[in-house]
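In what follows, a single structure is set out as structure tokens and then discussed.
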Amino acid sequence: MPGAETVRLRAGFAIAAAALAVVGVAICQALAAPEPAAWAGAVTIGSLSLLLGLGALPLIGAEPSVRVIVGAGAMWGVASVIGGWLQLADRIGVSPFEVGVGDLTTGVQTGLPVLVGAVGSLAVLGWGYAALRAEPPVLLVSVIAGLGVLAVSVTGHGGESVWTPVFLAVHSICAAWWAGTLAALVVTVRGKGGWARTLPEFSRWAMPAVGALIVTGVVAAAVQLGVGPQLWETGYGRILVAKAVLLAVALALAWWHRRSWLPRARRHGVSERESIVRAGTEVLVLALILGLAAGLATTGTG
């Protein structure tokens, strides 16, 4: 497939994924009343997922683009700061444009994601600068992004019990790795040979990751909300149900890909275009789920 067509296809999936993450937040707005910071949260989660996936690519036989890593790192930092700014404005009850320096003493609900986002973003940019002159370990990017995911996942509702943060942390890391690594493959892997080498390795890692994602998600939901009418009588419950339905769709799509795509790709029997389309389609469903997750993180359980 011509290089220009490949670039357009990848760009199209990137734009569509970003749009669907926004749609996910909009769905949350229709089902409940998440904080305004949910919009920035969707960008934060998406950037972190991509960084986590890019940094983990060497584990499945691929090398990421330094430019994409730097771009995702910068987006993470900007989204984290904007999210904290929106959260502060919502907390003190003023327009974001009316927030003054003195209002910073009021603080946001928790400054951990903002602090980790700012410092982590600078660390990723520093890694990118070092990559121009040397070969710093790419896995370091994944570690930094993982810390960012943990900072986001253990705040808010995650702090309501002793064990919930643990389940949410594992759930969030697995979800970010699944979505982010697939997205990283879409923007990185070239040719039939590249997909024949990386897709089987991704699939091997995906099995335990998705299993942990399901188990920890069910346990965390049961601990936070329980089982009963609160699943459809509260905004939080309705978002949770919508997220579970979409996750079932993503699992069904992944199962179909594992049966129909993986065996042929392993034998170099799938074109680059088909692999990009299949991986990109799965990423689109996961992007919508990440948008719902961003809204869920800023919605009260009552």
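The values are calculated or read from the model by the stated rules, or taken from the named source; none is laboratory data. Keep in mind the model is a prediction, meaning the values are calculated, not measured. Ideal geometry is used to build each Cβ from the backbone, glycine not excepted, and the neighbour counts take in all protein chains shown. Accessible surface areas use protein heavy atoms only, side chains included; no ligands, DNA or RNA. Shrake-Rupley method; radii C 1.70, N 1.55, O 1.52, S 1.80 Å.
Some observations on this one:
- Total residues in the range 1-37, condition over 13 Å from Ile289 (Cα atoms), among the aliphatic types (A, V, I, L, M) and either touching a strand residue (DSSP E or B) at 6+ places or on another chain (Cβ under 9 Å) or in contact (Cβ under 8 Å) with a residue 12 or more places away in the chain (or both): 8
Condition check ((1) touching a Pro at 6+ places or on another chain (Cβ under 7 Å); (2) small (Gly, Ala, Ser); (3) within 26 Å of Arg273 (Cβ to Cβ)) across all residues:
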{"position": "Ala183", "(1), (2), (3)": "no, yes, yes"}
{"position": "Val187", "(1), (2), (3)": "no, no, yes"}
{"position": "Ser203", "(1), (2), (3)": "no, yes, yes"}
{"position": "Gly235", "(1), (2), (3)": "no, yes, no"}
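Yes/no matrix, rows are residues, columns are (1) open to solvent by less than 20 Å² (accessible area, probe 1.4 Å); (2) under 26 Å from Gly73 (Cβ atoms); (3) basic (Lys, Arg):
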{"position": "Trp205", "(1), (2), (3)": "no, yes, no"}
{"position": "Gly237", "(1), (2), (3)": "yes, no, no"}
{"position": "Arg258", "(1), (2), (3)": "no, no, yes"}
{"position": "Pro263", "(1), (2), (3)": "no, no, no"}
{"position": "His268", "(1), (2), (3)": "no, no, no"}
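- Residue in the range 277-292 that is of a type in the set (Lys, Arg), farther than 16 Å from Ala176 by Cα and open to solvent by 40 Å² or more (accessible area, probe 1.4 Å) present: no
- Residue count for the range 19-42, restricted to those that are part of a helix (DSSP H, G or I) and open to solvent by less than 60 Å² (accessible area, probe 1.4 Å): 13
- With a requirement of 1 or more residues that are closer than 26 Å to Ser80 by Cα and touching a residue at least 24 places away in the same chain (Cβ under 8 Å), the helices (runs of 4 or more DSSP H) lying completely within the range 228-302 that satisfy it span 235-260, 272-297.
- The range 59-70, subset touching a Ser or Thr at 6+ places or on another chain (Cβ under 9 Å) and part of a helix (DSSP H, G or I), residue surrounded by the most Cβ atoms within 10 Å (Cβ to Cβ): Ile60
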